[in-house]
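The values are calculated or read from the model by the stated rules, or taken from the named source; none is laboratory data. Model, not experiment: these values are computed from the prediction. We place every Cβ from the backbone using ideal geometry, glycine too, and count neighbours over all the protein chains shown. Quick note on the areas: whole protein, heavy atoms, side chains included, nothing else; ligands and nucleic acids left out. Shrake-Rupley method; radii C 1.70, N 1.55, O 1.52, S 1.80 Å.
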Amino acid sequence: METKQKGVTTEGKLKDIISHAKEYGFVFPSSEIYDGLAAVYDYGPFGVELKNNLKSLWWKTMTQVEENIVGIDAAIFMQPLTWKASGHVDGFNDPMIDNKDSQKRYRVDHLVEGHAANLEEAGNKNAADSLVEKMNAFLAKDDFTGLKELIISEKISCPVSGTVNWSDIRQFNLMFSTKIGSVAEEADVVYLRPETAQGIFVNFLNVQKTGRMKIPFGIAQIGKAFRNEIVARQFIFRMREFEQMEMQFFVRPGTELDWYQKWKDVRIKWHAALGLSSEKLKFHNHDKLAHYANAAVDIEYEFPFGFKEMEGIHSRTDFDLKAHQDLSGKKMQYFDSEINQNYVPYVVETSVGADRLFLAHLCSAFTQETTGEGETLKERTYLKFHPAIAPIKAAVFPLTKKDGLPEKAQEIVELLKYDFNVAYEEKDSIGKRYTRQDLIGTPFCIAVDHQTLEDNTVTIRHRDTATQERIHIDDLNTRIGYETSFRRIFEKLR
Ligand code: ATP
């Protein structure tokens, strides 16, 4: 990104965004004092607020605004047979290749896509596209010999050793396992769930019966998932421990593709309503369908490293419920009184990564603006979050530390803090305080000055325009409440 150019650049390079996220308390590398742990990250004070706001918005959308969706919170550990039925024990594999010189292991699709990205960067987009197309064709047929030949013939080398001394391509299971019970006893292997969906499938009848749910209905869940990703790259885009927000929608067999279309439409609109630019959102149909799906699409966002999956929408058929029914011997059927029939429902799922959604919003919000020219050239960096998801909604500043202004400002904090996350700052010049709030994306800064003591008005400064207006203290709650409310987002969805 060109910071010296006049104008506004909303999408910074990933490395600028990563350092901003660390410096201003959004995301830290995990256990950093020990040099970190690859592909594991911690959320800092502002990061956790942003992430919680995104999760809460998703949760409200699903369980509060939609009428026929309820939530659950299933455990991370599940009876290991769950993963046998779902196909993860035998089939949760990605084709991998080892470089014999560096001993590094790569996911084949990542290695080839990395090479294609280099080709594209060098101005050879056609070659890049054709390479990815060939790879997808081999992947679709599980043709690992063809894939290896492609890697060799294209001279795709290991980024570490620089050689093309590759092993054969093999499958590698991505599930983490651990042992339950004391080690001295007969210990059983359990898995850290690689997706939250199975906690929903195994609870399908519990929820349906206790909630007296009628098909079509959905079950939503937010929770951690774990995958032993081999090549973990691109910051929080691909982590080993991450969070999913999944919703399984149970429908009458034969109607699933209509619901699939509906959810595609609903979900892409949701992302746009939250402030992600429509030009940076697109659908990507799966070339190769997973064993459980009869239709699948990704909603991709244009991250600084290109269009990549943020959410998956899958028509999962009755694969999972049937597999659990077969292995457990327990019926997973629903009696549909409208048509007087018992059946195993079909499922359409929407699955979005909370961390990828977070990254999309961080990238989209990261704005470096240059105004003026020559001597008056000024640069300003700020995070242009939708006010509803901003970590802090308003910051209250007394103009000076004396004359009763801090006390008045504290009264305003007291007035607002039960409804909004507010900050109070009195250190440094007011300009510096504005800058600090810009850097964490606070939409409103409220300044208390001498006039406030006389007429109970304050200035309210708007982050994106840096313009100010004077308003009465009594109006603050309603004003900030409206601007930061989730309602405004839902209004756009209607
Ligand atoms: P990818 O192809 O990028 O590995 P996937 O197709 O395996 O992703 P799904 O199994 O469909 O992903 O999971 C649903 C969502 O969970 C994804 O759209 C993504 O937002 C999120 N997700 C999956 N793997 C990771 C990860 N390693 N780190 C962060 N988020 C992830």
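If you filter the range 416-445 down to residues that are of a type in the set (D, E) and farther than 22 Å from K402 by Cβ, you find that the one that is surrounded by the fewest Cβ atoms within 10 Å (Cβ to Cβ) is D419.
Is there a residue in the range 398-413 that is of a type in the set (S, T, Y), touching a residue at least 60 places away in the same chain (Cβ under 8 Å) and open to solvent by 30 Å² or more (accessible area, probe 1.4 Å)? Spell out the reasoning first.
The first filter runs over the range 398-413 and keeps only residues of a type in the set (S, T, Y), leaving 400.
With the extra rule that they be touching a residue at least 60 places away in the same chain (Cβ under 8 Å), the set shrinks to none.
No.
Among residues of the range 240-269 being open to solvent by less than 10 Å² (accessible area, probe 1.4 Å) and not charged (D, E, K, R), the one that is nearest to the ligand (Cβ to nearest atom) is M245. Would you please name the residue that is nearest to the ligand (Cβ to nearest atom), looking only at residues in the range 338-380 that are surrounded by fewer than 21 Cβ atoms within 10 Å (Cβ to Cβ) and β-branched (V, I, T)? Only one residue fits best here, namely V344. The single condition from (1) within 25 Å of V89 (Cα to Cα); (2) of a type in the set (A, V, I, L, M, F, W, C); (3) open to solvent by 20 Å² or more (accessible area, probe 1.4 Å) that F204 fails is (3).
Would the range 310-333 turn up any residue that is within 12 Å of the ligand (Cβ to nearest atom) and surrounded by fewer than 20 Cβ atoms within 10 Å (Cβ to Cβ)? Before the answer, list the steps.
Residues of the range 310-333 within 12 Å of the ligand (Cβ to nearest atom): 310-314, 316.
Filter once more, keeping what is surrounded by fewer than 20 Cβ atoms within 10 Å (Cβ to Cβ): none.
The answer is no; no qualifying residue exists.
When the test is whether a residue is within 21 Å of the chain's Cα centre (by Cα) and either farther than 25 Å from W58 by Cα or away from the ligand (no atom under 13 Å from the Cβ) (or both), K282 passes it.
In this structure, is V132 closer than 20 Å to F172 by Cβ, of a type in the set (V, I, T) and buried (at least 17 other Cβ atoms within 10 Å of the Cβ)? Answer is no for this residue.
Please tell me if V70 is hydrophobic (A, V, I, L, M, F, W, C), assigned by TED's automatic domain parsing to the domain that holds S328, surrounded by 15 or more Cβ atoms within 10 Å (Cβ to Cβ) and at pLDDT 90 or above.
Values: hydrophobic (A, V, I, L, M, F, W, C): yes; assigned by TED's automatic domain parsing to the domain that holds S328: yes; surrounded by 15 or more Cβ atoms within 10 Å (Cβ to Cβ): yes; at pLDDT 90 or above: yes.
When the stated conditions are applied, V70 passes them.
Beta carbons closer than 8 Å, at least 6 apart along the sequence or on distinct chains, pair a first residue in the range 353-370 that is closer than 9 Å to Y301 by Cβ with a second that is β-branched (V, I, T) for R356/I236; L359/I236; C363/I17; S364/T10.
Only a single criterion out of (1) touching a residue at least 60 places away in the same chain (Cβ under 8 Å); (2) out of contact with any Gly (no Cβ under 9 Å at 6 or more places or on another chain) is not satisfied by Q171, namely (2). N294 satisfies every condition listed in (1) polar (S, T, N, Q); (2) modelled with pLDDT under 95; (3) buried (at least 19 other Cβ atoms within 10 Å of the Cβ) except (3). Please work out if G36 is in contact with a helix residue (DSSP H, G or I) (Cβ under 8 Å, 6 or more places away or on another chain), open to solvent by less than 60 Å² (accessible area, probe 1.4 Å) and in a loop (DSSP other than H, G, I, E, B). No; evaluated as a whole, the condition is false for this residue.
Given the structure, is F237 within 14 Å of the ligand (Cβ to nearest atom), out of contact with any Ser or Thr (no Cβ under 7 Å at 6 or more places or on another chain), in contact (Cβ under 8 Å) with a residue 12 or more places away in the chain and of a type in the set (A, V, I, L, M, F, W, C)? So F237 fits the description; yes.
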